[in-house]
1. In a GNM of chain A with a 10 Å cut-off on Cα contacts, which of A:75, A:67, A:184 has the highest mean-square fluctuation?
2. Using the beta-carbon distance between residue C:109 and residue C:198 and R0 = 22 Å, what value does 1/(1 + (r/R0)^6) give for FRET efficiency, to the nearest 0.05?
3. Please rank A:120, A:235, A:195, fewest neighbouring Cβ atoms within 10 Å first, as an exposure proxy.
4. Using Cα centres only, tell me the gap between the range C:249-264 and the range A:148-206 in whole Å.
5. Using a Förster distance of 45 angstrom, determine the FRET efficiency expected from the C-beta separation of residue A:149 and residue B:266, and round it to 0.05.
6. Between residue B:60 and residue B:400, 0.36 nm times their residue separation minus their Cα-Cα distance comes to what?
7. Test of understanding: what is the full-extension gain from residue B:314 to residue B:381, defined as 0.36 nm times their sequence separation minus their Cα-Cα distance?
8. Indicate the gyration tensor shape class of the range C:1-111 (rounded, prolate or oblate), computed on the Cα atoms with a ≥ b ≥ c the square roots of the eigenvalues: a/c under 1.5 is rounded; otherwise a/b larger than b/c is prolate and the rest oblate.
């Protein structure tokens, strides 16, 4: 039983940065902007968070700074793509590589140093739970409440569906996009901070969270841009990571790296599944067979209609 | 609320969509805005509701200038528009669509307002349904209620009867009467359908070529309205059929039976059609009623869901587009740059793609000769994106091989000047004499009447009529396009 | 076009890019507390300071150039082949795999086969990514990235598992290959690598400017809708372009094995696939500028190895400068567009 609880707690902890970052990305994609810089931005934020925590001695200050770093990267992306008309893909991709190298370069002085971390908040009977778990759970509810029960959440989704329609109803499209991407970036930054201050304490090259950002981008697609499914996807991949550690004990013949890359082929498979419903043959089959139709419509994720498309108010 | 439009002008590039429109609208009345495709009706209405910024002119509300409008400001002063292409959010819920741009509010408040309003109009909505699961008519009713919830005093309906059921249409007309007569709002009814306009409106404005060309009050004379819409000679039978070629033998270029083509959001079903060499067939009807799936389907680009398609005796049902092209079917899309050409590639590269055998000096000589023949005054190194609309079309034509059997054109002369139109038709008729069959869609009735042997009329997303063009008048064709059969055809 | 346009002259644009990049790099260096001029001189000295270092830079230029040449094909086809990194790795694995079959004394013929195997391995990996896009609708960015990690995992597994060195398995790589399979380097000059990279440049130039296949690929990439209408089969072209790019990337990987390390290493690709992506984007997807940019990037990569020794800075500064440069190109292009629009609209 203790083993079971420990595993669950392990998944919750490993999942919290994934939850934060993929929910953040969900927000920005729901407003129509793909932030491809996620992976690099998370790494840079992890470094920034740890460095500030080490300098000031306050892990929480560092955590916050991680969030701001993520927001800054996202802010650059959205301003350049909205106002200068640069390709979101190209800028996002360059940023992800740049931020990664920037993190290693600026973080050189902080590598392999012991530093503060966020510690644990205990629950009687369960033991210590990292604060980032609480943060991620709170974030889930906040994002869900905001997205579906507030006026601004409604507007953000509308902008991602059809900026033209939103504009014709008096919504300020660009402003909403920028705010959503900034928020998404802030959450990705918090995820980075969660790695260096709670999940894989410290900074180094590699830090250990490399590739997590890409997984988060895939989780958003797999989760069909819907917050709860995205959360489920994040915990699924966290469970894979945790299972990898356990499986390693079971199969000592297979070296650890094999388990570390396991999430990636699974990421491709999940994307394949999510897109299944859009293939012509499957569509035809679903039209004839109600059982197939049910499966496909459960998996089928339709992206926000205007995802990745530019919008010009003047027409 | 009185509205006065003064000298409204709008250009899109070289095209003058509005050339100085004056009109005044008073409350408590239903205004009809009539005109053929491209007359400027929709543009004018988009200007009024703040979606399009005019290049000149002024909008006065109760005598005072409204200044530069945007959608938010227009809504605030009480002007709202029901768009022709539904500007809503299909993936979102009914109450969300109602709340956005209406008075707002959360689920409970929006659902309550919606229930109150829909009750008084005898509509009914489940606030938690996804909009995508509603019919076009229901989506339109919802938009109408949203605008009323926002408190609009001037309601614009752009072609609101396209694709809705008869009951929904009657409910809509009842609502329009009530809003104008009982509630003293201004209703503007933009339509293409003469019958409906005559039934509904207290006042009809006719637009043509970017101007208001006439204002009428009941009792209306349909003949006069048609004349104003389609020009002085709307009732004149067309000159003898052009290029009286074709039908030389019993061969069929194209035979379609029971064909179903997938369009955007609907299927164009049950098409039976037989086309002979040298025939020119025009596709008439309000845009989006099935012309596009038919033309694209005949090029293998729209999916054929059922039926049989024979091109020159070869069964091509369900085959990929390269087979159609290889068998001699060529489509020239209306969106020349977006769907037909490769924007950053040069004229030379287009020739090389179309005619793989062209090489070296001989190839260049052929290209230059082709350009001269098609009056394409451009350098071979010029990328397609730099070509004018007319030259893009001439390039598309120059790239069609001699042995083409079926030539499909979407709006062959849209946006082109008169001289280009003449040259293009001269060339197309030449192709016909060589034995090619031509199918083309057009919004310009004169173009159809001037060049066709046969006209296919599309109405309510199906093939409504297949008529011989000789002796057909613009008025009769206009009537067919408005869904009226009979009248001595 | 006849519309009144605003177009920066090329030198103006170059200066703008340089100014932006220098300013950004300066800020980053100051943030790291590094003396900017010293950093630059250490990098330049490390990259071209001596004959050996210059030859080393040339040795780095070759895989970068091979990858960039391949990427020009996939970009022409409108594809983001981010999986190129994994394709380099798979090329290295395939080459090593084949060469391990032949023992010592097999002559140089297996070397040729090894290079071909590398090309096949890379092509297969790229085709997989393309097929996922064409048939499975998985965007090539995700499939490529996922396959990169898989390829790296495969390398680690091989090094630590089946191909481990006798004695203790270690991350220092597999056992070295026999001397016969070492690519000859007369006087430390990477002759064959340079020849192959130059050949790839010429081949890609011919393909993109002279061949019908190149024309068809470009057309498919530019407008898939029109390409389908013209019967050019854009899906097939995407797969072919991916495979061609993968073959060049795989060759780069095979050359890393046979020419430089003579064994399979965990980081056999050195991230050259990603660096090549930056180079090609910075070059505006044109072959001409890619050649010097790859040289410059190679010098940065080689020179930055000296940073930890000379200034106690991390060598990732090379990647930072490369990223900043690529970003500057896009930002300047965007600014130019905005200025032009404003002037045109007024």
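Every number in this text was worked out from the coordinates using simple rules, so none of it is lab data. Please read all numbers here as calculations on a predicted model, not as lab measurements. Note: ideal-geometry Cβ built from the backbone for every residue, glycine included; neighbour counts use all protein chains shown.
1. A:75
2. 0.40
3. Values: A:120 14, A:235 20, A:195 28.
Taking fewest neighbouring Cβ atoms as first place, the list is A:120, A:235, A:195.
4. Centre-to-centre (Cα) distance: 43 Å.
5. After rounding, the FRET efficiency stands at 0.80.
6. 117.2 nm
7. 20.3 nm
8. Judged from the Cα gyration tensor, the range C:1-111 comes out oblate (a/c at least 1.5, b/c at or above a/b).
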